[in-house]
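Chemist: One structure is given below, represented as structure tokens, and several questions about it will come after.
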């Protein structure tokens, strides 16, 4: 029943080297960053989860199979990053971009982590 219950939106995943997984208000920052980075030639996509439970393990595994890195964007200590790590074939390619101070995570916050993953520094 997971496939019938879970809802999500996907943006630019077909050729994505980097995938941002997010939900709620943080998804807006993820989508904004992806639009900006794609315009600069970086193959990045967004998987916006609209249903978190039951967690769509099989779908996340399938969507992230070819990604070089997956960044989970959350406004907490990492509610779903562990679920994502358990879903993908290589949990070492999953990173957490989060804020816990009550401020919204910005596209710049996510970009900083993306640049570090790319080996381009801050």
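Just so it is clear, none of the values below were taken in a lab; they were calculated from the coordinates. Because the structure is a prediction, the values reported are computed rather than measured. As a convention, Cβ positions derive from the backbone with ideal geometry for all residues, glycine included, and neighbour counts pool all protein chains shown.
Chemist: Working only within the range 100-122, note down all residues that are assigned to a loop (DSSP other than H, G, I, E, B), closer than 20 Å to residue 75 by Cβ and more than 14 Å from the chain's Cα centre (by Cα). Please lay out each step first, then the result.
Modeler: If we filter the range 100-122 for residues that are assigned to a loop (DSSP other than H, G, I, E, B), which is where we start, we get 100-106, 118-122.
From the residues that got through so far, the ones that are closer than 20 Å to residue 75 by Cβ too are 100-106.
Across the range 100-122, the qualifying residues are 100, 101, 102, 103, 104.
Chemist: Which number in (1) touching a residue at least 24 places away in the same chain (Cβ under 8 Å); (2) within 20 Å of residue 56 (Cβ to Cβ); (3) within 12 Å of the chain's Cα centre (by Cα); (4) buried (at least 20 other Cβ atoms within 10 Å of the Cβ) marks the one condition that residue 93 misses?
Modeler: Going through (1) touching a residue at least 24 places away in the same chain (Cβ under 8 Å); (2) within 20 Å of residue 56 (Cβ to Cβ); (3) within 12 Å of the chain's Cα centre (by Cα); (4) buried (at least 20 other Cβ atoms within 10 Å of the Cβ) one by one, residue 93 breaks only (4).
Chemist: Still on this structure, I have one more. Does residue 65 meet the test of being touching a strand residue (DSSP E or B) at 6+ places or on another chain (Cβ under 8 Å) and either within 16 Å of residue 87 (Cβ to Cβ) or surrounded by 20 or more Cβ atoms within 10 Å (Cβ to Cβ) (or both)?
Modeler: In short, no.
Chemist: Would you call residue 66 in a loop (DSSP other than H, G, I, E, B) and either over 19 Å from residue 107 (Cβ atoms) or within 12 Å of the chain's Cα centre (by Cα) (or both)?
Modeler: Numbers: in a loop (DSSP other than H, G, I, E, B): yes; either over 19 Å from residue 107 (Cβ atoms) or within 12 Å of the chain's Cα centre (by Cα) (or both): yes.
For residue 66, the condition - in a loop (DSSP other than H, G, I, E, B) and either over 19 Å from residue 107 (Cβ atoms) or within 12 Å of the chain's Cα centre (by Cα) (or both) - is met.
Chemist: Here's a check for you: in the range 18-40, which residue that is assigned to a loop (DSSP other than H, G, I, E, B) and more than 14 Å from residue 115 (Cβ to Cβ) is nearest to the chain's Cα centre (by Cα)?
Modeler: Restricting attention to the range 18-40, the residues satisfying the condition of being assigned to a loop (DSSP other than H, G, I, E, B) are 23-25, 40.
Checking which are more than 14 Å from residue 115 (Cβ to Cβ) leaves us with 23-25.
Numbers: 23: 9, 24: 12, 25: 13 Å.
So the residue we want is 23.
Chemist: Let me ask something additional. Would you tally the residues in the range 46-63 being in contact with a helix residue (DSSP H, G or I) (Cβ under 6 Å, 6 or more places away or on another chain) and not in a loop (DSSP other than H, G, I, E, B)?
Modeler: The qualifying residues number 6.
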